[in-house]
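**Student:** Take a look at this one; I'll ask things after.
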Amino acid sequence: MDPNAIVRQFESADVPCELRSTDRREAVRRVYDHLAAKKLRYETAAIDFAQYNEFEQIIRPPGSMVTDGGNCLELSLVFAGMCLHHKLRALVVLLDDHALVAVWLGGGLEAVWDDGGAADRDYLIMSRGLGNIQPQQGDLHSNLIQLVEKEQEYLLVECTGFARSGGYGARTLSFDVAVAEGLDRVKGSKVTDIVDIAFQYRHRTQRPNCIPEQSLSQPAAAAAPETVPGLWLSDIGRDGLAAALRDSVAAIPESDAYRAWPRWSRPDIAQLLDMLSRAPQCLERDRLVWLAQGLDLALDAGEFITAWMPRAATEKALRRALLACTNGLGDMTPQGLSQHLDAVILRRPACDADGRMALLSFILRLAAEAGIDTEDQAFTNWCRDNGYDIGMANNLRQELKEQMQGRHQRLLIHLRGGPGHDWPEEGQAWLLDETTGQRTPSPPLRCAPHADGVAALLGDVLVWADGFLSKGRLLRRVDIAMPARTLLCWRAEETNVDIKLGAHHEVVVHWGDRMHLPQHMQLLARQASHRLRETERQDQACGRIDWVSLNTAYDQSAFEEDLKNNAYPAALGLRFAPIGQEDWFETLLARFPILLWPGEPVPEWTAVEAAVREQWVNLPGGFTTAYRTAWTGRGDAPPPLARLRAVWEDDNWLEFCREMSGHRAGIASASGAETGGQP
């Protein structure tokens, strides 16, 4: 099993490097909890390892396990591969009719690899040879139990524990329960073999069972050459190059012969660059050389991404990476890997002559979002071979790592007020770990029903939440649910907690009553999940939002008829502030999980609506980014997004509200225990 294929499919776990040396058990726990959050199914299989073929065992690739589930051996290999990715040494333990994993707590992978590939006491449970022959001294079964139970040198993990078996409501085992179950399994069974996965992978004693990937050297037989990713410039790159050639004809007459080329490969670009090398020195020549070199780099980057991390190239991830490393989309609407790479070059910053820095940033961001380790030697070799600055890559990798830290932890705050009141008087907060699903509830909250009272409550909650964060971690996101009336009179991100709340935190706002729906709202609220599905059904990168004018919305009979006919099937944007229409506004909040309206006068709606489409993949966090820019603009016109207010509720929030509809205080953890309210 190839660890890279496993990480491409299931993403990397949040395991800081320091845990590998300071607390390996906690590092293993994080790998386990990460896989538990993937909600894989455990599919039992009658496997008799007492009579197995010691030279070959067919294993389904990770991609198949997402839909089909996995048996004990396949789940163990996924867990071992994820451990290997995080430099943890994992052994697969085979019993008569089961498989599980033993993780070495005595050191990391580097420790054994530097010493030749084995730990000092490995002879007690397996041979140092390639065949994993049974040890010559002592009993394999008793030796393993001694190393696990008495000496605590290994940690046994029941890997079926992070998968779900059975029907609706099936739950995973907590990490501690899975560890106890692993030891019990070994005590009650016969150990038939132990396999060092890291050793096998490093020395390639067995060929990894990877997800088949189409490569440029072996394209699919049925595909025409132009359909192979990365072989030709996309139409965006071709048109951009044609425009540059047209603009350079006066200064470089020879370039006219290239304007009508229907498609461009890397040899074609090399031919163009050869012609330009003989052309007279001028500004047009330099610009054309930089563009051609950049597009050649884009083709090479496409080949590398296709071969090294194809599953990272999702439409949303591509768009986010493009927006982060360029000057926006302009009038482009790229789709697919090739078009996004060409757009990186065409929209690169002016200081980046051939787009090399932008491409490096693009690839590192794709990898970071997919959880792929760019310290992999394949990436380093590619950077070196193509002239990318390794120091720049290391700096950007560290920057992205810091940005990713804490992204799985969110502070959820639910504020409640009396009927008809503008300001809340009480609330509840939870610190959510999205990796494990664990929610830690705060004590009940009370506040004075005005802006300063709510600000004081938020300050107390932030201090409370900080007590649960790991050392060095910062809280990145704060979700605040509030009554409809509060939404119209209060900007949560501007709340003074010694500094504006949105200065350090991404603030996302929700409608508070969805958590405990009034009876008359329950039928309306059923539509929310359907509309959320429709929002990105046709275009994940731009979404769908229908904008409604004041005249349309306030013709209530016609507007209600349009709602019944599903004329607005996705997100809804109001081109007016619904001040004085709080009850009507609340019915929209019930129906639409994503609802936008202006927080200040909008001089030009075209720019605002275009900004929502362009930045869709960065929303709702992009609103906070726009607000920050407006705060520090010193008189400049605010970004278009900064003029909008938004309620934004995703699948996770809707599921949280459904779970909370029958609860008030504590939330059960994955193991069935209540989490406490004190750090």
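The values are calculated or read from the model by the stated rules, or taken from the named source; none is laboratory data. The model shown is predicted, which means the values in this text are computed figures rather than measured ones. Counting neighbours? That spans all protein chains shown, and the Cβs are built from the backbone with ideal geometry, glycine included.
**Student:** Out of region 31-44, which residues are surrounded by fewer than 22 Cβ atoms within 10 Å (Cβ to Cβ) and touching an Asp or Glu at 6+ places or on another chain (Cβ under 9 Å)?
**Tutor:** Ala37, Lys38, Arg41, Glu43
**Student:** If Gly543 satisfies every condition in (1) modelled with pLDDT under 95; (2) under 19 Å from Ser442 (Cβ atoms) but one, which is the exception?
**Tutor:** Status for Gly543: all satisfied but (2).
**Student:** Going by the conditions given, is Thr535 within 27 Å of the chain's Cα centre (by Cα), surrounded by 19 or more Cβ atoms within 10 Å (Cβ to Cβ) and under 27 Å from Arg407 (Cα atoms)? Can you show your working first?
**Tutor:** Numbers: within 27 Å of the chain's Cα centre (by Cα): yes; surrounded by 19 or more Cβ atoms within 10 Å (Cβ to Cβ): yes; under 27 Å from Arg407 (Cα atoms): yes.
Yes, satisfied.
**Student:** Still on this structure: Checking the structure you have, find out if any residue of region 321-338 is within 21 Å of Ala393 (Cβ to Cβ) and in a loop (DSSP other than H, G, I, E, B).
**Tutor:** Yes, that holds for at least one residue.
**Student:** Would you please list the contacts, defined by Cβ atoms under 7 Å and residues six or more apart or on different chains, that run from a residue in region 144-163 that is under 18 Å from Phe79 (Cα atoms) to a residue that is charged (D, E, K, R) and modelled with pLDDT of 90 or more?
**Tutor:** Partner pairs satisfying both residue conditions: Leu155/Arg25; Glu158/Glu181; Glu158/Arg185; Gly161/Glu181.
**Student:** Still on this structure, I have one more. With over 33 Å from the mean Cα position of the chain (by Cα), surrounded by 15 or more Cβ atoms within 10 Å (Cβ to Cβ) and assigned by TED's automatic domain parsing to the domain that holds Asn652 as the only criterion, which of Ala577, Ala611 stands out?
**Tutor:** Exactly one of Ala577, Ala611 is over 33 Å from the mean Cα position of the chain (by Cα), surrounded by 15 or more Cβ atoms within 10 Å (Cβ to Cβ) and assigned by TED's automatic domain parsing to the domain that holds Asn652, namely Ala577.
**Student:** A further question follows. Restricting to region 553-565, give me the number of residues that are among the polar types (S, T, N, Q) and modelled with pLDDT under 95.
**Tutor:** Pass one, region 553-565, residues among the polar types (S, T, N, Q): 556-557, 565.
Those still in the list that are modelled with pLDDT under 95 too: 556-557.
Result for region 553-565: 2.
**Student:** Now for a separate question. Can you tell which of Asp385, Asp354, Asp376 is more than 14 Å from the chain's Cα centre (by Cα) and over 23 Å from Pro310 (Cα atoms)?
**Tutor:** Asp354
**Student:** Next question. Given the conditions (1) more than 30 Å from the chain's Cα centre (by Cα); (2) hydrophobic (A, V, I, L, M, F, W, C); (3) at pLDDT 90 or above, and given that Ala222 satisfies all but one, which numbered condition is not satisfied?
**Tutor:** (3)
**Student:** Can you list the helices (runs of 4 or more DSSP H) lying wholly within region 446-526 that have 3 or more residues being under 30 Å from Lys564 (Cβ atoms) and among the aliphatic types (A, V, I, L, M)? Working first, answer last.
**Tutor:** Working: elements: 451-466, 484-489, 501-504, 522-525.
Per the criteria, 484-489, 522-525.
**Student:** Next question, about the same structure. Whether any residue in region 150-160 is part of a helix (DSSP H, G or I), within 34 Å of the chain's Cα centre (by Cα), modelled with pLDDT of 65 or more and in the same structural domain as Gly106 (by TED's automatic domain parsing) is what I want to check.
**Tutor:** Yes, region 150-160 has at least one match.
**Student:** Considering only region 1-45, how many residues are of a type in the set (D, E, K, R) and part of a helix (DSSP H, G or I)?
**Tutor:** So the count comes out to 8.
**Student:** State which residue is farthest from Pro334 (Cα to Cα) when the search covers only region 357-386 and only residues that are crowded, with 19+ Cβ neighbours inside 10 Å and among the β-branched types (Val, Ile, Thr).
**Tutor:** Per the criteria, the residue is Thr374.
**Student:** Does Asp354 count as of a type in the set (Asp, Glu), assigned to a loop (DSSP other than H, G, I, E, B), touching a residue at least 24 places away in the same chain (Cβ under 8 Å) and surrounded by 19 or more Cβ atoms within 10 Å (Cβ to Cβ)?
**Tutor:** yes
**Student:** Here's something else I'd like to know. Out of the residues in region 398-417 meeting the condition of being buried (at least 18 other Cβ atoms within 10 Å of the Cβ) and of a type outside the set (A, V, I, L, M), tell me which one is farthest from the chain's Cα centre (by Cα).
**Tutor:** So the residue we want is Gly417.
**Student:** Would you mind telling me which numbered condition in (1) basic (Lys, Arg); (2) in a loop (DSSP other than H, G, I, E, B); (3) modelled with pLDDT of 85 or more Arg658 fails?
**Tutor:** (2)
**Student:** If only one of Leu130, Leu140 is at pLDDT below 85 and exposed (fewer than 15 other Cβ atoms within 10 Å of the Cβ), which one is it?
**Tutor:** That would be Leu130, the only listed residue that is at pLDDT below 85 and exposed (fewer than 15 other Cβ atoms within 10 Å of the Cβ).
Let's see how each residue does on (1) outside any helix (DSSP H, G or I); (2) closer than 18 Å to Ala298 by Cα; (3) at pLDDT below 90:
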| site | (1), (2), (3) |
| --- | --- |
| Cys210 | yes, no, yes |
| Gly230 | yes, yes, yes |
| Glu254 | no, no, no |
| Asp274 | no, no, no |
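**Student:** Phe576 is checked against (1) under 28 Å from Gln428 (Cα atoms); (2) at pLDDT 95 or above and fails just one. What number does that condition carry?
**Tutor:** All conditions are met except number (1).
**Student:** Which is part of a helix (DSSP H, G or I), within 30 Å of Leu109 (Cβ to Cβ) and at pLDDT 90 or above, of Arg238, Arg185?
**Tutor:** Arg185
**Student:** Which numbered condition in (1) of a type outside the set (Phe, Trp, Tyr); (2) modelled with pLDDT of 95 or more; (3) in the same structural domain as Phe585 (by TED's automatic domain parsing) is the only one that Met521 fails?
**Tutor:** Met521 satisfies all of (1) of a type outside the set (Phe, Trp, Tyr); (2) modelled with pLDDT of 95 or more; (3) in the same structural domain as Phe585 (by TED's automatic domain parsing) except (2).
**Student:** Listed residues Asp452, Asp466, Asp389; which is loosely packed, with under 15 Cβ neighbours inside 10 Å and at pLDDT 95 or above?
**Tutor:** Asp452
**Student:** On the given criteria, is Ala456 in contact with a strand residue (DSSP E or B) (Cβ under 8 Å, 6 or more places away or on another chain) and farther than 12 Å from Glu426 by Cβ?
**Tutor:** Criteria not met by Ala456.
**Student:** Taking region 382-429, which residues are in a helix (DSSP H, G or I) and within 30 Å of Val463 (Cβ to Cβ)?
**Tutor:** Gln398, Glu399, Leu400, Lys401, Glu402, Gln403, Met404 - these are the residues of region 382-429 that are in a helix (DSSP H, G or I) and within 30 Å of Val463 (Cβ to Cβ).
**Student:** If you don't mind, another one. Which ones in region 584-608 are under 18 Å from Met482 (Cα atoms), free of Cβ contacts under 8 Å to residues at least 40 places away in the same chain and surrounded by fewer than 17 Cβ atoms within 10 Å (Cβ to Cβ)?
**Tutor:** Trp584
**Student:** Let me ask something else. Looking at Ala46, Ala50, Ala36, Ala5, which is the one that is more than 29 Å from Leu140 (Cβ to Cβ), at pLDDT below 75 and not acidic (Asp, Glu)?
**Tutor:** Ala5
**Student:** Just to verify a result, which residue in region 292-320, among those that are among the β-branched types (Val, Ile, Thr) and part of a helix (DSSP H, G or I), is surrounded by the fewest Cβ atoms within 10 Å (Cβ to Cβ)?
**Tutor:** The extreme case among them is Thr306.
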